[in-house]
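The values are calculated or read from the model by the stated rules, or taken from the named source; none is laboratory data. All of these numbers come straight from a predicted model, not from anything done at the bench. Don't worry about glycine lacking a Cβ; one is built from the backbone with ideal geometry, like all the others, and counts go over all protein chains shown. Note: accessible area is taken over every heavy atom of the protein model, side chains too, but ligands, DNA and RNA are not part of it. Shrake-Rupley method; radii C 1.70, N 1.55, O 1.52, S 1.80 Å.
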Amino acid sequence: MSYCNAINLMNGERKALHKAYHDKLYGFPINDDNELFCRLVLEINQAGLSWETILKKEITFRKAYDNFNIKKVAAYEDTDRQRLLADPGIIRNRLKVNAAIENAKAIIVLQKDYGSFQKWLASHHPKTKEEWVKLFKKTFRFTGGEIVNEFLMSIGYLPGAHTADCKIYKVILKHKPMWTNGK
């Protein structure tokens, strides 16, 4: 069942939480490097958990990770790692915390080489999912196939965020996601 259809079966606060993400963020292109980093960190933290858990914790993730300011996160030291691992508002997994910090450092290098994280992504488009996974594994930490796929779908680089019968699908097309080759 598609995410679009699954939301229709939800109700109450749960439906509102998912609908807000589905209707306003999922599959829409992101041009801000800090927001791209945010999405990558959230997708990494979702591994092994439900997306709903991550959506419920997004505000506390933002607070814990300095609103996903790449330069600040890249400069985190051991005291910051310990603070994050003690924060009940986020996912307290050492591998995921370390991945966020190390991936911020990797993005700093990409920004120096390409001008931005977004430009680095664009410079590698188009690729198959398998090619993207290989590139991400070479560049970042904690980025397996499902994480890379969801990250790229969620930012408009790979198709599949919405089905053609979903009302948001047409809205997404107006934003010219990369999977449409920007047409």
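When you scan segment 1-57, how many residues do you find that are without any contact (Cβ under 8 Å) to a residue 60 or more places away in the chain, acidic (Asp, Glu) and loosely packed, with under 15 Cβ neighbours inside 10 Å?
Number of matching residues: 2.
Consider segment 156-169 and keep the residues that are open to solvent by 70 Å² or more (accessible area, probe 1.4 Å) and either in contact with a His (Cβ under 9 Å, 6 or more places away or on another chain) or in a loop (DSSP other than H, G, I, E, B) (or both). The one that is farthest from residue 28 (Cα to Cα) is 165. Residue check: is residue 145 touching a helix residue (DSSP H, G or I) at 6+ places or on another chain (Cβ under 7 Å) and under 16 Å from residue 123 (Cα atoms)? Answer is no for this residue.
Residues are listed down the side, and each one gets a yes or a no for (1) assigned to a helix (DSSP H, G or I); (2) closer than 22 Å to residue 153 by Cα; (3) not β-branched (Val, Ile, Thr):
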| position | (1), (2), (3) |
| --- | --- |
| 76 | no, no, yes |
| 80 | yes, no, yes |
| 88 | no, no, yes |
| 97 | yes, no, no |
| 104 | yes, yes, yes |
| 132 | yes, yes, yes |
| 137 | yes, yes, yes |
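In the set 58, 43, 52, 35, only one residue is acidic (Asp, Glu) and in contact with a Phe, Trp or Tyr (Cβ under 6 Å, 6 or more places away or on another chain); that residue is 43. You will find that of 94, 141, the residue that is touching an Asp or Glu at 6+ places or on another chain (Cβ under 9 Å) and among the basic types (Lys, Arg) is 141 and no other. For segment 141-155, the set of residues classified as surrounded by 21 or more Cβ atoms within 10 Å (Cβ to Cβ) and outside any helix (DSSP H, G or I) consists of 142, 143, 155, listed by residue number.
The residue that is modelled with the lowest pLDDT, counting only those in segment 96-138 that are more than 14 Å from residue 41 (Cα to Cα) and of a type in the set (Val, Ile, Thr), is 128. Residue check: residue 60 meets all listed conditions (1) part of a helix (DSSP H, G or I); (2) more than 25 Å from residue 6 (Cβ to Cβ); (3) open to solvent by 50 Å² or more (accessible area, probe 1.4 Å); (4) touching a residue at least 12 places away in the same chain (Cβ under 8 Å) but one, namely (2). Would it be correct to say that residue 99 is of a type in the set (Gly, Ala, Ser), under 16 Å from the mean Cα position of the chain (by Cα) and either surrounded by 14 or more Cβ atoms within 10 Å (Cβ to Cβ) or farther than 23 Å from residue 51 by Cα (or both)? Yes. Residues in segment 107-132 that are farther than 17 Å from residue 30 by Cα and open to solvent by less than 20 Å² (accessible area, probe 1.4 Å): 132 only.
For segment 4-29, a residue qualifies if it is over 16 Å from the mean Cα position of the chain (by Cα) and on the phi > 0 side of the Ramachandran plot, and exactly one does: 12.
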